Amino acid sequence: MAALSVTRRIGSSAGRAQQERRAQSRAALIEATTRSIEEKGYSATTTRQVAELAGLSLGALAHHFPTRTDLIEATLHHVADETVRRVRASAGSADRTNDATRVSTVLDELMAIFSGSTFSVWMRIWIAAAEDEELRRIITPIELRVSQSLAEVMHAVAPAEVDGRTWSRRTGVMLDTLRGVALSEMFAPIRGRELKRWPSTRKELLRLLLN
């Protein structure tokens, strides 16, 4: 019985180690995909290139993601999850006693996200989806999930005196504005020029949200 118990423990430990290696390989492949899309673009990101960046073989990549579409879909889910996680963490850490501080904390985190690599990857895939029906089919439900999650977070930080319908309209305008600023920055001929407008844009958005 003792020998059987030891064998089971060894088998269980080996199973956990194998699961950890699989998770690490998947994470490395998704990280390599986001890096490649951000640096080289969606169309130029190939499975061979991703495997090389991740330090894995094409066979290992195919084991986790049989097709390029599977890899892109997993990357989109990762980007979506990271975006929602960051916004929720920001809302959770904000001062609950002060409307202006609470809302501005979340607004600043959203702008940081929209100015970073996750939004860049998302937008490059989103633009490619305009001419790719299969990609559009994949990205649409993920985008809907992100939008619903962001709406939930924004609802949680809404000032008590602002009714729900008004708040939804205001946060919709805010998100559209953030996307516009981020897109201008992403495709600006001179990097960094557009974000110099952020302090004044931030001021107007806070006025819209809080008044």
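The values are calculated or read from the model by the stated rules, or taken from the named source; none is laboratory data. No experiment lies behind these values; they were computed from the predicted model shown. Reconstructed Cβ throughout: ideal geometry from the backbone, glycine too, with neighbour counts over all protein chains shown.
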Against the definition (modelled with pLDDT of 95 or more, of a type outside the set (Ser, Thr, Tyr) and either buried (at least 17 other Cβ atoms within 10 Å of the Cβ) or farther than 18 Å from Ala100 by Cβ (or both)), how does Leu144 come out, yes or no? no
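Please return the ranges of helices (runs of 4 or more DSSP H) entirely within the range 97-211 where 2 or more residues are under 30 Å from Thr45 (Cβ atoms).
The qualifying helices (runs of 4 or more DSSP H) are 99-114, 117-129, 133-156, 164-187.
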Among residues of the range 70-110, those that are in contact with an Asp or Glu (Cβ under 7 Å, 6 or more places away or on another chain) and not basic (Lys, Arg), counted: 3
Got at least one residue in the range 93-110 being of a type outside the set (S, T, N, Q), under 25 Å from Arg136 (Cα atoms) and under 13 Å from the mean Cα position of the chain (by Cα)? yes
Only one of these is in contact with a helix residue (DSSP H, G or I) (Cβ under 6 Å, 6 or more places away or on another chain), in contact (Cβ under 8 Å) with a residue 60 or more places away in the chain and either surrounded by 15 or more Cβ atoms within 10 Å (Cβ to Cβ) or more than 20 Å from Gly92 (Cα to Cα) (or both): Ser184, Ser149. Name it. Ser149
Scanning the range 57-90 residue by residue, those surrounded by 18 or more Cβ atoms within 10 Å (Cβ to Cβ) and assigned to a loop (DSSP other than H, G, I, E, B) turn out to be Phe65
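For Gly116, indicate whether it is at positive phi and not acidic (Asp, Glu).
Working: at positive phi: no; not acidic (Asp, Glu): yes.
No; evaluated as a whole, the condition is false for this residue.
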